[in-house]
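To start, the structure under review is shown below, and the notes come after it.
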Amino acid sequence: MKIGVISESFRKPFAEAVRCAKSLGVDGVQAYAGQAFPFTASRAELKELKKFVNGEGLSFSAICGDFGCAMYYERDRASIDREKRILEMAKELGTDIVTTHIGVIPETTDCIQYESMFEVCSELAAFAKGMNGHFAVETGPEKADALKAFLDALGSDGVAVNLDPANLVMCAGDDPVQAVFTLKKYIVHTHAKDGVQCRPFDTKALYAPRYYGLTACGGDVFREESLGKGGVDWARYLDALRTIGYRGYLTIERECGDRPEKDIGDAVRFLDAYGVREDGA
């Protein structure tokens, strides 16, 4: 496996973040479209950006194209088309993967929320498959079984999974180890993050309250922690990834704390202590 980091986790301009990533010895970066580069970036600009990252000895592990769940529940055409363009841009930057949140898959298929999500995801999955890419849904809003059922119904390997073990623990209250086996045929990218759930809550109230008629919940329902200090059983989780033959990125995401560079460096050392890079690419 390889170790990556989300460039925005450094809370610095992109070029500085890439140099920080290099100094910490990671293999790649994941970057947010619209922050690391504009949505209007030309092919020439993307070529230069890729050249810069590769010149620092890194690659793009994935691109994040996350615009909120309105595009899925409202079938917003402008956002859907922009997501497609980001899939094209990712290819130009050297990665096949665009990650995103899609909202919360409802418990029943017989509702407008499911119908809308299914229609938009079907379109994006077909587009991604047509260019040998992956539109990767991030875990956390629902349990792995529910996500698998939705992906199976879509019936396309253009749609995939960005497995975030912390989100499963903090939000869905699910077991990341079992999720690896449940979602194994879809996993193309992972986030390395940890955390705990402070109290059970309806994830719809966090990710998509207005679309389910709920009052939004606050951020006090979960707490992000440093790797190894939350609810993720890293030894079992990494063994599970090895068992299914995953050889992609473990991309560090740090969304809290006032010393991100130190925290990311600690996370790199934490993963290296498990010998993840000895597993090969």
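Read-outs: derived from the displayed coordinates by stated rules, not from any lab. These numbers were taken from a predicted model, which means no experiment stands behind them. No Cβ is skipped: glycine too gets one built from the backbone with ideal geometry, and neighbour counts run over all protein chains shown.
The helix-based estimate of mean residue ellipticity at 222 nm for the chain, built from -39,500 (n - 2.57) per DSSP H run of four or more residues and divided by its residue count, is -12000 deg cm²/dmol to the nearest 500.
If one computes the Cα centroid of region 193-253 and of region 113-127, what distance in Å separates the two points? About 24 Å separates the Cα centre of region 193-253 from the one of region 113-127. Volume per residue for the chain equals 117 cubic angstrom (convex hull of Cα atoms).
Cross-link partners of Lys50 among aspartates and glutamates, defined as those whose alpha carbon lies under 13 angstrom from its own and excluding same-chain residues fewer than eight positions apart: Glu92. Cross-link partners of Lys204 among aspartates and glutamates, defined as those whose alpha carbon lies under 18 angstrom from its own and excluding same-chain residues fewer than eight positions apart: Asp66, Glu74, Glu107, Asp110, Glu115, Glu138, Glu142, Asp145, Asp164, Asp174, Asp220. Summing charges over all other residues whose Cβ lies under 13 Å from the Cβ of Asn162, with Lys and Arg as +1 and Asp and Glu as -1, gives -4.
Going toward the positive end of the dipole of the chain, with +1 on Lys and Arg Cβ and -1 on Asp and Glu Cβ, which of Ala149, Trp234, Gly130 do you reach last? Value computed over the given set: Gly130.
Shape of region 134-281 from its Cα gyration tensor (a ≥ b ≥ c, root eigenvalues): rounded if a/c is under 1.5, otherwise prolate when a/b > b/c, or oblate? Cα axes put region 134-281 in the oblate bin. Restriction of the GluC sites (Glu not before Pro) in region 89-124 to DSSP coil positions whose beta-carbon has at most 16 other beta-carbons within 10 angstrom yields Glu107. Its relative contact order, with pairs defined as Cα atoms under 8 Å and 6+ residues apart, puts the chain at 20 percent. Most tightly packed first, judged by the mean number of other beta-carbon atoms within 10 Å of their residues, the peptides 37-45, 165-173, 244-252 read 165-173, 244-252, 37-45. Projecting the Cα atoms of Ser7, Leu49, Ala70 onto the charge dipole of the chain (Cβ charges, centred on the Cα centre) puts Leu49 farthest toward the positive pole. Only beta bridges with both residues in region 2-279 are counted; by DSSP, about 10 percent of them are antiparallel. In whole angstrom, how far apart do the alpha carbon centroids of region 49-71 and region 146-177 sit? Each part reduced to its Cα centre gives a spacing of 21 Å.
Among the listed pairs Lys12/Lys47; Lys193/Lys262; Lys12/Lys51, a Cα-Cα separation exceeding 18 Å is found for Lys12/Lys47; Lys12/Lys51.
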